[in-house]
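Before any comments, here is the structure.
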Amino acid sequence: PDYTGLATATDNCGTPTVTQSPAAGTNISADQVITLTEEDVNGNTTTCSFTVVVSDNTPPTAVCQNITVYLDGAGNATMTASDIDGGSSDNCGPVTLSASQAAFTCADVGSNTVTLTVTDGNLNTATCTATVTVADTVAPVVVCPGNQTETASATCDFVLPDYTGLVSASDNCSSVTVTQSPSAGTTITSDQVITMTGVDANGNSSTCTFNVVLTGATPPTAVCQNITVYLDGSGNASIVAADIDGGSTATCGGLTLSASVTSFTCADLGANNVTLTATDGGGNTDDCISVVTVLDTISPTPDAASLNDVTAECEVTSLTAPTALDNCGSVTVTNDATFPISTQGSTVVTWTYDDGNGNTATQTQTVIITDFASPIPSQAPLPDVVGECSVDALPSAPTAEDACAGLITGVLITPVSLPITTQGTTVITWEFDDGNGNIATQTQNLVVNDVTAPTPDAASLPDLTGDCSIDTPTAPTATDNCSGAITATTSTVFPITAIGTTTIVWEFDDGNGNVSTQTQEAINSGIDASASLGSDGVTITANTSGGTYAWINCDFNTTIAGETGQSFTPAANGNYAVVVTLGNCTDTSACINVNSVGLNALSIEQLAVYPNPSLDGFFTVNYEGSIEAIDVVDMLGRTLVLPTDVSTGVVDGSELAQGRYMVRVTTNDGILTTEIVIVK
């Protein structure tokens with residue numbers, strides 16, 4: 001709680017403030033020092049303290065449980081207080097346990113009330129009671145006398161006396177009552193086991209035994225006879241003692257017979273000595289020896305009802321031995337075959353099963369030799385025999401592997417006429433016969449295959465030259481490995497009139513698909529058909545002398561009548577060209593613009609064509625004045641219709657072939673002609 005109200009505090013300068021540690025509301029579980037601190041208004045402090053003592057007044061809870069303790073061999077038993085504690089506890093900590101009784105003796109056998117006292121750390125106590133059952137489970141010790149020898153009466157019996165006085169007995173808690181079984185007064189006719197039982201006061205018991213051995217009676221007479229027994233299918237035989245009894249007798253009655261051996265197996269074949277024991281009602285015995293002869297007369301039984309045929313292609317060198325079951329285990333298996341068995345057809349083999357005891361069984365098996373596999377070629381496929389121009393000889397005969405006949409050499413069954421010169425493949429067939437009716441065949445290709453092209457006779461061909469025309473030259477020749485001399489052919493058309501260099505491709509074909517080529521250059525030099533404008537700006541002169549001339553008006557693509565001289569003076573401004581013929585050659589000059597006739601002030605400098613040359617055929621015409629039309633004329637004077645935009649001056653000449661062309665521009669001032677070069 002808050003203890004500050006219990007403190008008295010004064011100060012010379014006012015009323016102090018009191019605080020508590022630990023603060024009010026703190027839980028404590030043991031004695032606690034409380035410190036009170038007084039502080040005046042000027043920060044001066046002083047303290048005092050006192051102790052809060054925590055007292056435990058709640059007793060613990062005692063819980064008991066019942067138990068059973070067992071006396072030891074000395075008649076004592078002990079326990080501890082915790083043995084009868086059933087879970088005692090206290091609210092403040094551990095407890096201490098004590099019991100009102102911890103030791104027990106035979107006098108305490110049964111239920112005993114024991115008080116358990118539980119004490120906590122503050123000496124508060126509580127009690128409860130438990131039932132401690134004391135049990136005696138220790139059996140008494142009973143010691144019998146040694147075996148007792150007694151004399152039987154003339155009738156081979158004996159009446160048992162009371163033997164309890166010969167027994168010593170002791171117990172941990174009480175006296176022991178001893179009883180006898182069979183009880184005194186019982187008549188016995190043979191040796192007897194006597195059991196003595198000792199029981200203590202608490203029902204615990206134990207026993208001991210000894211034998212009563214009877215003597216003095218006349219023993220029986222054992223008489224034996226020899227017998228023969230036969231093993232069954234499992235290799236077993238059995239007898240009873242009566243089988244070897246030859247007339248045994250007893251004077252005391254109750255004759256019992258037993259044999260030392262009654263079961264026999266294959267391990268007992270032959271004579272076996274068996275002891276016959278005769279026992280009378282008094283347990284007296286007599287022995288004799290009987291010879292039991294064990295015989296096996298059962299033949300082995302084959303495991304399989306019948307044996308499967310064995311089939312082989314060429315021979316059988318061994319057979320898997322069949323098996324058989326015998327009542328005595330081991331069976332020797334043999335056959336009458338002579339290996340290897342290689343005779344085609346069926347051979348019957350007889351198997352004999354012998355159990356070693358004189359019993360046998362037989363079974364037959366058929367061995368069938370059948371060659372059913374054809375020879376297998378040693379090499380597959382056979383390599384082609386190849387010749388370029390012919391196959392002159394047959395290859396070596398191939399071989400085949402046969403399972404029975406071994407290595408077989410093939411026989412050619414295809415008629416062949418040598419040498420073979422026809423291009424292509426001839427298929428021949430080889431046959432392999434193993435002599436047992438199995439035949440295999442294999443084919444082989446004889447291939448005539450010319451793969452060598454003709455070789456030109458000349459390492460290179462000389463150039464052919466001319467001015468304007470080259471006629472058909474003499475064809476070159478070549479030599480072929482199979483076809484001999486070959487004359488070349490070409491697709492070039494003669495005469496060659498194209499100016500410049502034409503490459504002639506000569507082809508040599510040997511007729512077997514092999515072609516070689518050789519080239520030859522044909523060069524037409526042509527003539528100079530150019531013309532020049534004179535200094536007067538009007539007269540045009542062909543630059544080549546000694547020819548014939550024809551002048552044309554490029555603007556109208558017409559020949560000017562009567563103008564056949566080397567020079568020409570036009571009567572009007574325009575564009576003009578000259579056709580020059582020299583020998584067999586004819587060529588046309590470029591169009592030349594004449595603009596100095598009369599007083600026309602139209603100037604070629606006002607006209608621009610670009611780009612020039614043009615790489616793609618497109619070009620632009622630019623004029624300082626107004627363009628009314630743009631025409632393109634080839635060197636033969638033909639006007640070509642091309643996509644043209646007059647407003648921009650752009651001409652689409654992408655379809656034009658490489659060469660020189662005249663551009664005729666109609667303006668508001670007149671007609672100007674210039675040249676455009678197309679280069680692709």
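Table for the structure above
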| quantity | calculated |
| --- | --- |
| Magnitude of the charge dipole, the stretch 124-245, Cβ model with Lys/Arg +1 and Asp/Glu -1, debye to 20 | 260 |
| Residue-wise HN-Hα coupling along the stretch 35-42, computed from phi with Karplus coefficients 6.51, -1.76, 1.60 (Hz; x: Gly, Pro) | 10, 10, 10, 10, 10, 7, 5, 9 |
| Contour minus Cα-Cα distance for Thr492 and Thr362 (0.36 nm per residue) | 36.8 nm |
| Calculated diffusion of the stretch 1-152, Stokes-Einstein form, Kirkwood radius summed over Cα pairs, 25 °C and 0.890 mPa s, µm²/s | 114 |
| Cα centre as origin, Lys/Arg/Asp/Glu Cβ charges: the chain dipole, Debye | 460 |
| Label-to-label distance, nm, for residues given as Thr195 and Ser396 (7 Å Cα→Cβ offset) | 10.3 |
| Gyration tensor verdict on the stretch 639-680 (Cα atoms; rounded if a/c is under 1.5, prolate if a/b is larger than b/c, oblate otherwise) | oblate |
| Carbon + sulfur, % of accessible area of the chain - ligands and nucleic acids excluded, 1.4 Å | 49 |
| Square roots of 5 times each gyration tensor eigenvalue, C-alpha, the stretch 399-479, largest first, Å | 58, 11, 8 |
| Distance in nm between pseudo-label sites at Ser168 and Val291 (7 Å out along the Cβ direction from Cα) | 5.8 |
| Expected-Rg normalisation [2.2 N^0.38 Å, Cα atoms] applied to the stretch 324-383 | 1.91 |
| Calculated P(r) tail over 25 Å for the stretch 211-330, as whole % of Cα pairs | 50 |
| DSSP bridge pairs, the chain: antiparallel proportion in percent, nearest 5 | 90 |
| Inter-label distance, nm, simple model (7 Å from Cα along the C-beta direction), Thr207/Gln658 | 13.7 |
| Per-peptide average of other Cβ atoms within 10 Å, ordering 366-372, 155-161 highest first | 155-161, 366-372 |
| In order through the stretch 259-274: 3J(HN,Hα) via Karplus (6.51 cos²θ - 1.76 cosθ + 1.60), integer Hz, x for Gly, Pro | 10, 5, 9, 10, 10, 9, 10, 4, 5, 9, 3, x, 7, 10, 7, 10 |
| Karplus-derived HN-Hα couplings along the stretch 608-619 (A = 6.51, B = -1.76, C = 1.60, θ = phi - 60°), whole Hz, x at Gly and Pro | 10, 10, 8, x, 9, x, 9, 8, 10, x, 7, 8 |
| Per residue solvent-accessible surface (Å²) - the stretch 298-396, probe of 1.4 Å | 56 |
| Cβ-based charge dipole, the chain, positive-most Cα from Thr221, Thr15, Thr422 | Thr15 |
| Stretchable slack from Thr96 to Ala305, in nm (0.36 nm times residue separation minus alpha-carbon distance) | 66.2 nm |
| For the chain: rounded, prolate or oblate by the Cα gyration tensor [a/c cutoff 1.5] | oblate |
| Shape call, the stretch 600-680: gyration tensor on alpha carbons, a/c limit 1.5 | prolate |
| Stokes-Einstein translational diffusion, the stretch 293-335 - Kirkwood Rh over all Cα pairs, 1.567 mPa s, 4 °C, in µm²/s | 100 |
| Total formal charge among the other residues, if their Cβ is under 15 angstrom from that of Ala550, Lys/Arg +1 and Asp/Glu -1 | -2 |
| Whole-Å semi-axes of the stretch 102-226's equivalent ellipsoid (Cα gyration tensor) | 57, 14, 10 |
| Ratio of Rg to Rh over the stretch 446-511 (Cα coordinates, Kirkwood Rh, two decimals) | 1.10 |
| Accessible area expressed per residue, the stretch 168-282, with surrounding protein chains retained (probe 1.4 Å, Å²) | 47 |
| Equivalent ellipsoid semi-axes - Cα gyration tensor, the stretch 526-680, angstrom | 26, 20, 12 |
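The values are calculated or read from the model by the stated rules, or taken from the named source; none is laboratory data. Predicted, not measured: the structure shown is a model, and the values here were computed from it. Counting neighbours? That spans all protein chains shown, and the Cβs are built from the backbone with ideal geometry, glycine included. Heads up: the accessible areas ignore ligands, DNA and RNA and are worked out on the full protein's heavy atoms, side chains in. Shrake-Rupley method; radii C 1.70, N 1.55, O 1.52, S 1.80 Å.
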